[in-house]
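We did not get these values from a lab; they are worked out from the coordinates using the rules stated. Note that the structure is a prediction, hence the values are computed from the model and not measured. Here the Cβ positions follow ideal geometry from the backbone for every residue, glycine too, while neighbour counts run over all protein chains shown.
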Amino acid sequence: MLRVQNLQVRYGAIAAVKGISLTIERGTIATLLGTNGAGKTTTLRTISGLIKAAGGTIHFGDRDITNKPCHEIVAMGIAQAPEGRMIFSNLTVKENLRMGAYLRKDRAEIQRDLDFAFSIFPRLKERMKQPGGTLSGGEQQMLAISRALMARPGLLMLDEPSLGIAPILVKTIFDKIVEINRELGMTILLVEQNAHLALQIAHYAYVIETGQMVIEGKASEIAKNEDVRKAYLGET
Amino acid sequence: MSELLQQIINGISLGSIYALIAIGYTMVYGVLRFINFAHGDVFMIGGFVGYYAAPHIMPLVGGSVILAGPIVLLLAMTVCSILGVTIEKLAYKPLRFRPKLTILITAIGISLFLEFGGQLLFGPDPKSFPTLIPSTTLIDSQNLILTTTPVIVIGTAIILIVLLRFIVQNTKMGTAMRAVSFNQQAASLMGININTVISFTFVLGSSLAAAGGILYGTLYPSINPLMGIFPGLKAFISAVLGGIGNIPGAALGGLIIGMTETFVTGYLSPTYRDAIAFGILILILLFKPSGILGRYEAEKV
């Protein structure tokens, strides 16, 4: 479904991503792992069109989306819950969700997706009329994921959903990610520093370090590979 | 007592015009984080569209007062919307990722271009603004004289501001505007085309300024190509006073500045009329730079 080939991204003279390739199959959860500064977020932002690629190609389905404007990429079906959640603090929870469905006009279906979001994250329904800025970190993450889902995307990208969230909520959120994948057949690209958690729910995993792919394989196999975990995923 | 009432009516009339212009400053600041110093001149162009259009519109509608006023108003709003969007596309958009100072200086350049282009095109001498709505006296008691003019000015301003508030708070585009003003990248990730939202902001801001120009001409029936300078600055001060980026704040700031000016002119001396507005600006910048309704916002790094 998503095919990234030899992607290169530079910030001025610094190469942040040095030719990584990855493929995500429809209906699966793929995870992109690596330590801080490995280039995970940069990769995601480039797929979304927030940063320009310096080289390589990105295909979504059979379309070349490399360096297309961000709003066009969303229109083609790639939504993202970005790093740091980026909730619109000045908008209510409901307005945030409504913005997620900005490009859609099918009112009845939007309402259905809204109901689905409220069914998996009932807390959001309770806080529907509150400004997004008043939510806790965990609730904001739920909102960020739901907001991305409101676009009814073909590919959902989640950037570090466990970051800065109470441990008890992290478990809930990861359960919900699995639920979204199963219930909706949603294809998901999950970026995580918390490799242990991500490998539990993902089907396939990629590990990158300093902008380069070091290993890829089935999540279950990578999880078993102690050398990889020690070397690249910061586990001891 | 009656003189006070008279001053209050004058103050609200002037203040509602400042409010209309100030909203444009504050909205553009909200999405682009810069002060569009050409905004006061868009207000002036609004006045001139009214000046040139009214004599043609009047016979078309058979001299009907009810129709002529709104048609001239809508025409001025449309012309200025196009002008505002054009200025943004030609002058500001190419500089969007340059330092803010560049775009600020460009805005001043556009302002001068409109002012002196206006002198060239319309002639530098003041022109008397056509009477769109004949002034009839509503109340004529001992000292208080209330004519239809301030009632229409204030009423039109209120209608437009309420309409704007509805657009910003309740429509999809308005919500997108607020989203963009909070975080452009996150807004892009929703599929929002930032350029469309920016154009929309200029349409709203410029059309309110145009309406301000028509109302100003109705209230003080003499217009000239430099008439936008002072009302523009006063409206800018109003926007800062209310909290830049905050729409209700801009409306409130406009009313306060309009009232203060009227009272200073009436009870103190017309000499201090302009000084007081700038005095308020200095005080606000010294003691509460976020303005009355604005919130403190840390500079993003």
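Summary table below
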| quantity | calculated |
| --- | --- |
| Within chain B, longest stretch clear of exposed GluC sites (Glu not before Pro) (DSSP loop, no more than 11 other Cβ within 10 Å) | B:1-296 |
| Extension reserve of the A:Ser89-A:Ile168 stretch, reckoned as 0.36 nm per residue once the Cα distance is removed | 26.1 nm |
| Burial ranking of peptide ranges B:116-124, A:84-92, B:34-42 (average Cβ count within 10 Å, highest at the top) | B:34-42, A:84-92, B:116-124 |
| Furthest towards positive pole of dipole, A:Val93, A:Gly55, A:Phe116, structure part the stretch A:2-232, Cβ charges | A:Val93 |
| Distance from the stretch B:161-220 to the stretch A:58-105 (C-alpha centre basis), Å | 21 |
| Rg [Å, one decimal], Dmax [Å, integer] - the protein assembly as shown, C-alpha atoms | 28.1, 96 |
| Diffusion coefficient, µm² s⁻¹, Stokes-Einstein with Kirkwood Rh over alpha-carbon pairs of the stretch B:1-42 at 25 °C and 0.890 mPa s | 208 |
| Trypsin sites (Lys or Arg not before Pro) lying in DSSP loop within the stretch A:1-65, provided at most 11 other Cβ fall within 10 Å | A:Lys52 |
| In Hz, Karplus ³J(HN,Hα) per residue of the stretch A:8-14 (6.51, -1.76, 1.60; θ = phi - 60°; x = Gly, Pro) | 10, 9, 10, 10, x, 8, 8 |
| GNM result for chain A, Cα springs below 10 Å: residue of A:Thr41, A:Thr210, A:Thr172 fluctuating most strongly | A:Thr172 |
| Counting DSSP beta bridges with both ends in the protein assembly as shown, the antiparallel % (nearest 5) | 60 |
| Expected 222 nm ellipticity per residue - DSSP helices of 4 or more, -39500 (n - 2.57), all of the protein assembly as shown, to 500 | -18500 deg cm²/dmol |
| Options A:Val178, B:Thr26, A:Gly137, ranked by Cα towards positive dipole end of the protein assembly as shown, top entry (Cβ charges) | A:Val178 |
| Gap separating the Cα centres of the stretch B:51-105 and the stretch A:161-205, nearest whole Å | 52 |
| Sorted peptide list for B:210-217, A:173-180, criterion being average Cβ within 10 angstrom, highest first | B:210-217, A:173-180 |
| Relative contact order (%) - the stretch B:32-238, alpha-carbon pairs under 8 angstrom, separation at least six | 42 |
| Within the protein assembly as shown: Cβ-based charge dipole about Cα centre, in debye rounded to nearest 20 (Lys, Arg +1; Asp, Glu -1) | 560 |
| Largest to smallest principal axis extent of the C-alpha atoms in the stretch B:32-238, angstrom | 59, 40, 37 |
| Size of charge dipole - chain B - debye, nearest 20, with Cβ of Lys, Arg +1 and Asp, Glu -1, no other charges | 1000 |
| Residue-count net charge about A:Ser162 - beta-carbon cut-off 10 Å; Lys, Arg +1, Asp, Glu -1 | -1 |
| Counting DSSP beta bridges with both ends in chain A, the antiparallel % (nearest 5) | 55 |
| Chain A, dipole about Cα centre (Lys/Arg Cβ +1, Asp/Glu Cβ -1), debye to the nearest 20 | 600 |
| Per-residue mean of C-beta atoms belonging to partner chains within 10 Å, peptide B:176-187 | 5 |
| Dipole of the stretch B:32-238, positive direction: furthest Cα of B:Ser135, B:Thr78, B:Gly50, with charges on the beta-carbon | B:Thr78 |
| Overall dimensions of the stretch A:2-232 as given by Cα atoms, namely Rg and Dmax in Å | 17.0, 51 |
| Eligible aspartates and glutamates near A:Lys18 by straight Cα distance, threshold 15 Å, same-chain separation 8 or greater | A:Glu209 |
| Nearest 10 degrees, 0 to 90: helix A:137-149 Cα axis against chain A principal axis | 90 |
| Estimated D of the stretch A:17-71 in µm² per second, where Rh is the Kirkwood radius over Cα pairs and Stokes-Einstein applies at 10 °C, 1.306 mPa s | 130 |
| Theoretical FRET efficiency, 1/(1+(r/R0)^6), r = Cβ-Cβ of B:Leu60 and A:Gln212, R0 60 Å, to 0.05 | 0.25 |
| At most 15 other Cβ within 10 Å, DSSP loop - trypsin sites (Lys or Arg not before Pro), the stretch B:40-123 | B:Arg96 |
